[in-house]
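What follows is a single structure, written as structure tokens, with notes after it.
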Amino acid sequence: MPTLDSSLAPFAPDGIVLASASPRRRELLASLSIPFTAIPSTVDEQEGPGETPEEHVLRLAREKALEVASRPAVSGRWFLGSDTVVLRDDTLLGKPADAKEAAAMLRSLSGRSHRVLSSYAIYDRQQRTFVSGVVSTRVRFKELTEQEIAGYIATSEPFDKAGAYAIQGIGAFMILGIEGSYTNVVGLPLCEVVEALERIGALRLFAGLPETATSPSAS
């Protein structure tokens with residue numbers, strides 16, 4: 001993975017904590033050389049009664065951030081929670097429990113479009129405030145054969161992924177196209193998260209870049 005020169009590395013003065021066990025989310029933040037620690041949350045990810053899909057993922061992101069921030073032994077100021085679901089029409093597809101469920105999910109997505117919703121919630125432990133949002137990306141699958149479904153399941157990749165596939169992994173062979181954020185489908189809407197972190201003062205990208213480097217040249 002490429003790394004930034006130290007003079008261009010991001011600056012995070014008060015400590016960013018990713019409240020997640022997801023290796024995909026860790027990799028996305030690390031791809032920008034953002035300094036952070038990752039601490040998994042213990043929040044139950046069950047769907048609440050009467051929730052819309054957007055409400056569901058946003059609630060979980062907030063609960064994950066708050067649960068980790070509530071631990072006295074954990075240091076840091078900014079706590080980032082996130083959640084991702086696949087939405088086929090009005091049906092939420094989480095992580096498959098077994099091969100049978102994974103196959104059913106993949107068959108239901110074959111040859112059609114679906115949406116991926118990823119939420120983010122940044123909790124400021126000092127101010128006790130949240131900045132949060134939900135991002136939607138439309139993904140289109142090719143027609144899958146039964147051999148392709150069985151072979152993909154045999155790789156074990158589907159089992160810890162919402163919707164039973166990973167766009168950044170072997171599952172890329174199924175993707176005809178996307179409309180929207182690619183990183184959102186991976187598990188974290190990176191553009192929106194970085195923008196929010198910068199807006200609240202938790203992060204400065206390219207912190208060592210001289211101001212004159214971005215100033216218009218004199219005519």
If packing is taken as the mean number of other Cβ atoms within 10 Å per residue, what is the order of 34-44, 184-194, highest first?
184-194, 34-44
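Would you please name the GluC sites (Glu not before Pro) within region 45-145 that are DSSP coil residues with at most 11 other C-beta atoms within 10 Å of their C-beta?
On the way: sites: Glu45, Glu47, Glu51, Glu54, Glu55, Glu63, Glu67, Glu101, Glu143; in loops: Glu45, Glu47, Glu51, Glu143.
Within region 45-145, the qualifying GluC sites (Glu not before Pro) (loop, at most 11 other Cβ atoms within 10 Å) are Glu143.
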Among Thr129, Thr84, Thr137, which one shows the biggest mean-square fluctuation in a GNM of the chain, springs joining Cα atoms closer than 10 Å?
Thr129
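Work through the residues other than Glu143 whose Cβ is under 15 Å from its Cβ and net out their charges, Lys, Arg +1 and Asp, Glu -1.
On the way: positive: Arg107, Arg112, Arg140, Lys142; negative: Glu146, Glu148.
So the surrounding residues net to +2.
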Can you give me the span-like helices of the chain, meaning DSSP H runs with 20 Å or more of Cα extent along the axis and Kyte-Doolittle mean at or above -1.0?
53-69
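Can you tell me the relative contact order of region 23-111? Whole percent, Cα pairs under 8 Å, sequence separation 6 or more.
Numbers: 55 pairs, mean separation 18.2, N = 89.
Relative contact order comes out at 20 percent.
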Please go through region 82-189 and write out the trypsin sites (Lys or Arg not before Pro) that DSSP classes as loop and that have at most 10 other C-beta atoms within 10 Å.
Arg128
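Laboratory data are not the source of any read-out in this text; all were calculated from the coordinates shown. These figures come from a predicted structure and were not determined experimentally. Here the Cβ is made from the backbone with ideal geometry for all residues, glycine too, and neighbour counts use every protein chain on show.
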